[in-house]
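Here's the structure, in structure tokens; my notes come after.
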Amino acid sequence: MERDDLIVDESYAINAHHSEEAGKKIRRDIYKVTLFLTLATILEVFLGASFKRNETFTWDVIVTVFAILTLVKAFFIVTVFMHLGDERKNIQRTILIPYFFFMAYMIILITIIEGDFQGLIQTLPF
Amino acid sequence: MASEATQSIDNTALWDGGRSPFGMSYGKNMMWFFLVSDALTFGGLLIALGFARFKFAGEWPMGEEVFQSLPFLGNGFPLVYVALMTFILIISSVTMVLAVEAGHRNDKKTVAKWLALTVLFGIFFLGSQAWEWSHFIHGTEAGLTLADGSVIHGANMSFNEYGPQLYANFFFFVTGFHGFHVFTGVLFNIIILIMVLRGVFEKRKHYEMVEKVGLYWHFVDLVWVFVFTIFYLV
């Protein structure tokens, strides 16, 4: 029996259409994000070019700034440019939560703990 | 924006079949899942890079010393060329999202215009990367004098004047893998541009294909944001 309550694949795409006025607002948001991404990149390059890597506290602060700026840039690209912010909550969580946990696990275990240990055994005198 | 996605639908109705519980079409859904797996691949590469950096903490080269040349202008511009490449990729991402926005208004001409610009910026980025690779491989005038008196210039898979061998290997692998993604992205964009110009999506009454390819293109930009920070800056 044919069902008539099914949503055809195409209708999702057609549902996503918007009017001329809505488009104006969306474009304004896009330009705002562009401005932010540009300024953040300029700041990062300025910091990277003017400070050398060393063991001081200043450098630790700069690395933290790099990490925060990168994550904020990534957040804006994903939510505004890739429109994930406009999708349903369940797909947002399906994509982000498993990725976040897997990456946190790998970064802490492999990069930080294991990498540090490898550096440590190189300095041993035997 | 998307009306289907912003509607509040009862959970049982949502998961009872007959519709996508995620409120998006199959193709877009699968593109997202592909991007998650691709993000895991890049995550793995960058984590391996982080591991190597910790292992060679003292001798790892600094990005601002290795990458300080501009085409035709010579040395002394730390990170300027990489910054330019980053900027080009960001701008190409912006033109792509503008193409998607125009697609949501069924505006064929504007979609074609922004998509063509995206292709152009993508090709520009690939050219920049080719120049950077060539410069990295040929190395500096001075080079590095080894213990036996011989001098090496630049880097390849068997020696590296800048620092640990792994630095060169990671440079080739990470930026190469990313460049390959940019290359396929440009190919996809060209295919979609031809389809737009031939009016395929006009007949279909929606430009979702532009959005799907756009997702891939933004992902390439997203990866570069991380590669830029982790490889060049830190």
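Brief remarks follow.
- Taking the listed residues B:PHE171, B:PHE177, B:PHE183, the one that is closer than 30 Å to B:LEU120 by Cβ and crowded, with 20+ Cβ neighbours inside 10 Å is B:PHE171, with no other qualifying.
- Any pair with Cβ under 7 angstrom, 6 or more apart, that starts in the range B:65-87 at a residue that is touching a residue at least 60 places away in the same chain (Cβ under 8 Å) and farther than 25 Å from A:LEU35 by Cα and ends at one that is β-branched (Val, Ile, Thr) and buried (at least 21 other Cβ atoms within 10 Å of the Cβ): B:PHE67/B:VAL82
- Residue within the range B:194-207 that is at pLDDT below 95 and in contact with a Ser or Thr (Cβ under 9 Å, 6 or more places away or on another chain) present: no
- Qualifying helices (runs of 4 or more DSSP H) (wholly inside the range A:56-126; at least 3 residues being at the interface with chain B (Cβ under 7 Å from one of its Cβ atoms) and under 17 Å from B:ILE230 (Cα atoms)): A:57-76
- Any hit, the range B:7-14, residues being surrounded by 15 or more Cβ atoms within 10 Å (Cβ to Cβ) and in contact with a helix residue (DSSP H, G or I) (Cβ under 7 Å, 6 or more places away or on another chain): no
- Members of the range B:87-114 that are closer than 18 Å to B:LEU215 by Cα and polar (S, T, N, Q): B:SER92, B:SER93, B:THR95
- Each residue in the range B:53-78 was checked for being buried (at least 18 other Cβ atoms within 10 Å of the Cβ) and in a helix (DSSP H, G or I), and 6 pass.
- Being among the basic types (Lys, Arg), surrounded by 11 or more Cβ atoms within 10 Å (Cβ to Cβ), touching a Ser or Thr at 6+ places or on another chain (Cβ under 9 Å) and at pLDDT 90 or above holds for only one residue in A:LYS32, A:LYS73, and it is A:LYS73.
- Here B:ASN189 passes the criteria (1) touching a Ser or Thr at 6+ places or on another chain (Cβ under 8 Å); (2) within 14 Å of chain A (Cβ to nearest Cβ); (3) not small (Gly, Ala, Ser) except the one numbered (2).
The values are calculated or read from the model by the stated rules, or taken from the named source; none is laboratory data. In this text, all values refer to a predicted model and were calculated from it rather than measured experimentally. No Cβ is skipped: glycine too gets one built from the backbone with ideal geometry, and neighbour counts run over all protein chains shown.
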